[in-house]
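The values are calculated or read from the model by the stated rules, or taken from the named source; none is laboratory data. Note that the structure is predicted; figures quoted are calculated from it, not measured. A quick note on method: Cβ atoms are made from the backbone with ideal geometry, for glycine too, and the neighbour counts reach across all protein chains shown.
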Amino acid sequence: MINLHFSIRNPWSNNFKNLVFKVFRTPFENKFLELQAYKDTSLLSFHFDWTIRQSHAGSHIEFGILGYCLNFTFYDCRHWNGDLGRWEEHDERKEIY
């Protein structure tokens, strides 16, 4: 996992407002793209995250300036089974109660 994060925030502000949130399927099996724009307390921020071999692994990039942030996430929708060292498999015929 790689995680880089830098932020300068306004300590006197406590507002958050989601402006846009969209999820898109991709041509790749089990992969999705999320795009989000929101307003928060950040004056300047940057976030990069890249993960493998964990639930919802993928990449995440976020930029923020003067309280407005853009967030891009490309991830795998499956869950990771750490005991077996592989993605979880679910039998579609099995009913869960």
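Below is a table of values for the structure above.
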read-out: In segment 39-73, residue nearest to the chain's Cα centre (by Cα) [restricted to those that are of a type in the set (V, I, T) and closer than 22 Å to F24 by Cα]; value: T73
read-out: Tabulated pairs, segment 63-87, first loosely packed, with under 15 Cβ neighbours inside 10 Å and modelled with pLDDT of 90 or more, second assigned to a strand (DSSP E or B) and not hydrophobic (A, V, I, L, M, F, W, C), C-beta under 6 angstrom, 6+ apart or interchain; value: Y68/K39
read-out: Residues that are modelled with pLDDT under 90 and exposed (fewer than 10 other Cβ atoms within 10 Å of the Cβ), drawn from segment 17-32; value: E29
